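Below is one structure, written out as structure tokens; the observations come after it.
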Amino acid sequence: MSLPIVRTVADLRARVAAWKAAGDRVGLVPTMGALHEGHLSLVRLARTRAHRVVASVFVNPTQFAPNEDFDAYPRSEARDAELLESAGCDLLFAPDVGEMYPDGFATTITVSGVSEPLDGQARPGHFAGVATVVAKLLNQAQPHVAVFGEKDYQQLQVIRRLVRDLDLPVEIVGGPTARAEDGLALSSRNAYLSHEERLVAARLNQVLREAVAALNAGERVDAVETRAVDALTAAGYARVDYVEVRDAADLSRIGPGPADRPARILAAAVLGRTRLIDNMAV
Ligand code: AMP
């Protein structure tokens, strides 16, 4: 049995409606494909919360800036479908760009506040693209629960805000970051790394772990952030977009003194031509 694939909103809705009519809870796991163990862990997590799981694979052009890697982004639908099926997914929704953005499409959702710092600054327009496509996917699939990775922590908080603000009737669940043995967060973009870069890539998570230890020992936020940026630069990262300690819920600034409330440390840095992100709880 191979995984059923639907490509239109109408077909997706018909499948989901049949499940709901049978009394099933439905889970959604949105992705951009090139799936890895991180995505599959979210599918398995969705399975624990729902009887039926839909995954979507859509490389969303509106969340890429013109200078970013939309064209180069890895695409591997047949393999993705096999992996999804092995993880217990029931349906793949794989629309094309015309299905998601028909002629005349004119609506953009912007989430203020939480989407403004960090990646919001480094990637202008990115979170408006994410919020709009996620609002569409939630409205298209109408799941009871949708699962997103903590790997993209700011995205997860933007989506939580979006769902609260628009009263979308869905529970948002965050899944832990799946990592390689050396700590590197799994990412579809890791495929861009050369062998040498792959060795340096693990430094990102090591630096964050060292920073968390220092923060938990009561060190000042400003000193920890500066040391982390310096460590990444010394390790060979071409550019460090940010290493910042932020409020764990709304991502507002904390510090410069010791962290005094639940916090998250978030980082983005460029290695060769690959932009890596990671974050950890403090
Ligand atoms: P993407 O395909 O990169 O857009 O990611 C789709 C979903 O998978 C998002 O909710 C991501 O946060 C999540 N995700 C990506 N990488 C990981 C990972 N290493 N661990 C857990 N979730 C992940």
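The numbers here are math on the coordinates, done by the rules we state, and not lab data. On a predicted model such as this, the values are computed, not experimentally measured, just so you know. Because the Cβ atoms are built from the backbone with ideal geometry, glycine has one as well, and the counts that use them run over all protein chains shown.
Overview of results
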quantity: Cα long-axis angle, helix 9-21 against the chain (0 to 90 degrees, to the nearest 10); calculated: 80
quantity: Per-residue HN-Hα couplings for the stretch 42-59 [Karplus 6.51, -1.76, 1.60; θ = phi - 60°; Hz; x = Gly/Pro]; calculated: 5, 4, 5, 5, 4, 4, 6, 10, 8, 7, 10, 10, 9, 10, 10, 10, 8, 7
quantity: Cut-off under 5 Å, modelled amide H: who pairs with Tyr242 long-range; calculated: Ala268
quantity: Highest to lowest packing among 123-129, 62-68, scored as the average C-beta count within 10 Å; calculated: 123-129, 62-68
quantity: Unit charges on C-beta of K, R, D, E only; dipole of the chain, Debye; calculated: 520
quantity: Anisotropy class of the stretch 5-175 from Cα gyration tensor, a/c 1.5 cut; calculated: rounded
quantity: For the stretch 182-210 and the stretch 1-19, distance of Cα centres in Å; calculated: 36
quantity: Nearest 10 degrees, 0 to 90: helix 77-86 Cα axis against the chain principal axis; calculated: 90
quantity: J(HN,Hα) series, the stretch 241-256, from Karplus relation 6.51 cos²θ - 1.76 cosθ + 1.60, nearest Hz, glycine and proline x; calculated: 5, 5, 10, 9, 9, 9, 4, 5, 9, 9, 6, 6, 5, 10, x, x
quantity: Degrees, to the nearest 10: 153-165 long Cα axis against longest axis of the chain; calculated: 50
quantity: Highest-fluctuation residue, Leu92, Leu193, Leu137 considered, GNM on the chain with Cα pairs under 10 Å; calculated: Leu193
quantity: Residues Ala217 and Arg44, FRET efficiency given R0 of 35 Å [Cβ-Cβ distance, rounded to 0.05]; calculated: 0.50
quantity: Positive-end residue, the stretch 188-281 charge dipole about Cα centroid, Cβ charges, pick of Leu232, Pro262, Ser252; calculated: Leu232
quantity: Neighbourhood net charge (14 Å Cβ-Cβ; Lys/Arg +1, Asp/Glu -1) for Val130; calculated: +1
quantity: Dipole magnitude (debye, nearest 20) for the stretch 188-281, charges at Cβ of Lys, Arg, Asp, Glu; calculated: 260
quantity: The stretch 192-208 - phi-based ³J(HN,Hα) in whole Hz, Karplus 6.51/-1.76/1.60, Gly and Pro as x; calculated: 6, 6, 6, 4, 5, 5, 4, 5, 6, 4, 5, 4, 4, 6, 4, 4, 5
